[in-house]
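> Below are the structure tokens for one structure; questions will follow.
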Amino acid sequence: MEKISYTPLIQHLQENGTLYNQLYRESELKYGSVDRAVLSRWMVQTVEPIVRAVDALYPDHLPQTFRTCYTYTLELLGNKSGIVHEEEYQAAWRLCEKVPSLAGLYPGRLLSAINAALDSIRAHQPERVMQWVAGMEVTLRYVPSLEEFLALGRIHAWLVGMAHLRERAQLEFAKLRDVLRQALQSSYPHLLVDNAFEQEWLDLPVPKFIYSPGGYVGYGGAFTAPPKVAQLGNQLLATDGEQPYAFFADAFGSVLLPEVPVQPKAILKRSNLQGLEAFFAKFGKQAIPFDDVISAVLLPTTLVLTRASSHHLFVYGWTR
């Protein structure tokens, strides 16, 4: 901690050195030793600026804020997430400087929410983590409450491809104050956010192939065998016979969520080609260049099909 320069924090550390040494030893027992140089870098580059921002607003909250940040840093460094993805976590934690009132009042809840968002986005849209951080940064100056922070986090997550959050994001957006809606819109100048909630696909007058998520598990995909899809209620499900997934897709991305409470055999039993036949009746056969389709689901503006020769889902979309 010798590089920390903020005097109130230096004094706090001098008075509570025993406590922080104990926290370090507890982390060491759980995760093993942490590189002191990396820990020092986190303290100086990320934690100290948060503490400064909070201390300027709530001087009495410095101990709670630092202890929380220190504990969460030890966890990230111990499980190696904060080393492998250091740039992403540090950028996301710097959001706390934009909302010092929340960082001072709810440091644990704020950092937990940020870390959970990064973990979730990285699992499904890993190349868009920093896009989420950038979007949040633009809108945070108008956020006075933790609830609004969480709402904006979910809306931005949907806009970077977390399609399963679409309905929740729409509800959250409807509750936002006008200034937050305007700030959110300014984060996406080439998109009308209101319209994006109304249409799963944008500016597609005729059906068009969008993307093919999934893939073979040996290459980092989801399926061990060519999957099949089926619709149960309002939910589109996919399985390779071993693992069931809930599938969500729209113009911003797609998500396969594992561990759904449905047996794979129930999905296989419900899978069929009726969706493809209904699509052909409405749009003709020219849009689908495959002759080995083994299952298909037709939704109001989306067709999802699978093939005997592929481990992917093939997604087609169009505008109402």
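> Would it be correct to say that Phe173 is in a helix (DSSP H, G or I), touching a Leu at 6+ places or on another chain (Cβ under 7 Å) and not acidic (Asp, Glu)?
Details: in a helix (DSSP H, G or I): yes; touching a Leu at 6+ places or on another chain (Cβ under 7 Å): no; not acidic (Asp, Glu): yes.
Judged against the criteria, Phe173 is not a match.
> Among the residues of the range 206-220 satisfying the criterion of being surrounded by 17 or more Cβ atoms within 10 Å (Cβ to Cβ) and not small (Gly, Ala, Ser), which is nearest to Lys282 (Cα to Cα)?
Pro207
> Out of curiosity, is Gly135 of a type outside the set (A, V, I, L, M, F, W, C), surrounded by 19 or more Cβ atoms within 10 Å (Cβ to Cβ) and in a helix (DSSP H, G or I)?
So Gly135 fits the description; yes.
> Out of the residues in the range 254-271 that are open to solvent by 60 Å² or more (accessible area, probe 1.4 Å) and over 22 Å from the mean Cα position of the chain (by Cα), state the one that is nearest to Met162 (Cα to Cα).
Gln263
> Would you check if there is a residue in the range 195-205 being on the phi < 0 side of the Ramachandran plot, assigned to a helix (DSSP H, G or I), touching a residue at least 12 places away in the same chain (Cβ under 8 Å) and open to solvent by less than 70 Å² (accessible area, probe 1.4 Å)?
Yes, some residue in the range 195-205 is on the phi < 0 side of the Ramachandran plot, assigned to a helix (DSSP H, G or I), touching a residue at least 12 places away in the same chain (Cβ under 8 Å) and open to solvent by less than 70 Å² (accessible area, probe 1.4 Å).
> Right, next: Give the range 4-24 a look and list any residue that's under 17 Å from Val44 (Cβ atoms) and surrounded by 11 or more Cβ atoms within 10 Å (Cβ to Cβ), or say none.
As a first pass, look at the range 4-24 and keep what is under 17 Å from Val44 (Cβ atoms): 4-14, 20, 24.
Scanning the range 4-24 gives Ile4, Tyr6, Pro8, Leu9, Ile10, Gln11, His12, Leu13, Tyr20, Tyr24.
> Any residue that is in contact with a Lys or Arg (Cβ under 9 Å, 6 or more places away or on another chain) and touching a residue at least 12 places away in the same chain (Cβ under 8 Å) - is there at least one of those in the range 59-72?
No.
> Of all residues in the range 225-244 being free of Cβ contacts under 8 Å to residues at least 40 places away in the same chain and either assigned by TED's automatic domain parsing to the domain that holds Gly161 or touching an Asp or Glu at 6+ places or on another chain (Cβ under 9 Å) (or both), which is least open to solvent (accessible area, probe 1.4 Å)?
Filtering the range 225-244 for residues that are free of Cβ contacts under 8 Å to residues at least 40 places away in the same chain and either assigned by TED's automatic domain parsing to the domain that holds Gly161 or touching an Asp or Glu at 6+ places or on another chain (Cβ under 9 Å) (or both), the one least open to solvent (accessible area, probe 1.4 Å) comes out as Pro244.
> Among the residues of the range 181-192, is there at least one that is within 27 Å of Ile114 (Cα to Cα), in contact with a Phe, Trp or Tyr (Cβ under 8 Å, 6 or more places away or on another chain), modelled with pLDDT under 95 and assigned to a loop (DSSP other than H, G, I, E, B)?
No: the range 181-192 contains no residue that is within 27 Å of Ile114 (Cα to Cα), in contact with a Phe, Trp or Tyr (Cβ under 8 Å, 6 or more places away or on another chain), modelled with pLDDT under 95 and assigned to a loop (DSSP other than H, G, I, E, B).
> Could you say whether any residue in the range 212-223 is of a type in the set (Val, Ile, Thr) and under 15 Å from Leu313 (Cα atoms)?
Scanning the range 212-223, I find at least one residue that is of a type in the set (Val, Ile, Thr) and under 15 Å from Leu313 (Cα atoms), so the answer is yes.
> Hey, does the range 107-121 have a residue that's part of a helix (DSSP H, G or I) and more than 17 Å from the chain's Cα centre (by Cα)?
Scanning the range 107-121, I find at least one residue that is part of a helix (DSSP H, G or I) and more than 17 Å from the chain's Cα centre (by Cα), so the answer is yes.
> Which of the residues that make up the range 245-301 are assigned to a strand (DSSP E or B), among the polar types (S, T, N, Q) and over 27 Å from Glu198 (Cβ atoms)?
Within the range 245-301, Ser295 is the sole residue that qualifies.
The values are calculated or read from the model by the stated rules, or taken from the named source; none is laboratory data. Note that this is a predicted model, so its numbers are computed, not measured. Here Cβ is always computed from backbone atoms with ideal geometry, including for glycine, and neighbour counts include all displayed protein chains. Each accessible area value is taken on the protein alone, full model and side chains, heavy atoms only, with ligands, DNA and RNA left out. Shrake-Rupley method; radii C 1.70, N 1.55, O 1.52, S 1.80 Å.
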